[in-house]
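Report on the following structure.
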Amino acid sequence: MGVVASESADGGVVVTSGSFTADAVEFASRNPIELIDGQQLEKMILRIQSTTFREPAMQPRPDLPLCPVCGATMVRRTARRGPHTNNPFLGCSRFPQCRGTRQMV
């Protein structure tokens, strides 16, 4: 509550991976503080994971070559180390899952 007051905030949120004591729940009910316990946090994470972290479907583009390893679209990249440092090349758009490369033409 001290942070809420010192920052002139409308309220605060306290998150835990465990559970809150009865005193904490009672204190929050009297103040503009939302409590999120471990069970609520897990449900939030699972809901977000099921909707947000799906890999988007790769749509083939006729103007870009395809990866020789997995068939995904290639993207322009620049080598950051090794004998070809600072030279452009085509790398798989699925990197790091796929490490397919092609030379720039």
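What's the extension gain from residue 27 to residue 1 if we count 0.36 nm per residue and subtract their Cα-Cα distance? Before the final figure, lay out each step's value.
Details: separation 26, 0.36 × 26 = 9.36 nm, distance 0.94 nm.
Additional length available on full extension: 8.4 nm.
Whole number in Å², please: accessible area per residue of the chain, 1.4 Å probe, ligands, DNA and RNA not counted. Kindly include the intermediate steps, with their values, before the conclusion.
Values: 8410 Å² over 105 residues.
Roughly 80 Å² per residue, with all protein chains present.
Considering only protein heavy atoms and a probe of 1.4 Å, how much of the accessible area of the chain is carbon and sulfur, as a whole percent? Present the calculation step by step, with values, prior to reporting the outcome.
Details: 4530 of 8410 Å².
It is 54 percent, rounded to a whole number.
Can you tell me the dipole magnitude for the chain around its Cα centre, using point charges on the Cβ only (Lys, Arg +1; Asp, Glu -1), in Debye to the nearest 20?
Details: 12 positive and 9 negative charges, 248 e Å.
In debye, rounded to 20, the chain gives about 1200.
So what is the 222 nm mean residue ellipticity for the chain from helices alone, if each DSSP H run of at least 4 adds -39500 (n - 2.57) and you divide by all residues, rounding to the nearest 500 deg cm²/dmol?
Details: 3 runs with 28 residues, N = 105.
Roughly -7500 deg cm²/dmol at 222 nm, from the helical runs in the chain.
Taking 22 Å as R0, compute the FRET efficiency from the Cβ-Cβ separation of residue 40 and residue 10 and round it to 0.05.
On the way: r = 21 Å, r/R0 = 0.93.
The pair residue 40/residue 10 has a calculated efficiency of 0.60.
Summing +1 for each Lys or Arg and -1 for each Asp or Glu, what net charge is found among the other residues whose Cβ lies under 15 Å from the Cβ of residue 22? The partial results should precede the final answer.
On the way: positive: 30; negative: 23, 26, 37.
Net of charged neighbours comes to -2.
Can you give the FRET efficiency for residue 48 and residue 20, using 1/(1 + (r/R0)^6), R0 = 22 Å, r = Cβ-Cβ distance, to the nearest 0.05?
Values: r = 22 Å, r/R0 = 1.00.
Efficiency, rounded to the nearest 0.05: 0.50.
The values are calculated or read from the model by the stated rules, or taken from the named source; none is laboratory data. All figures in this text were calculated on a predicted structure; none of them were measured in a lab. Backbone-built Cβ (ideal geometry, glycine too); neighbour counts: all protein chains shown. We work out accessible area using only protein heavy atoms, side chains counted, and drop any ligands, DNA or RNA first. Shrake-Rupley method; radii C 1.70, N 1.55, O 1.52, S 1.80 Å.
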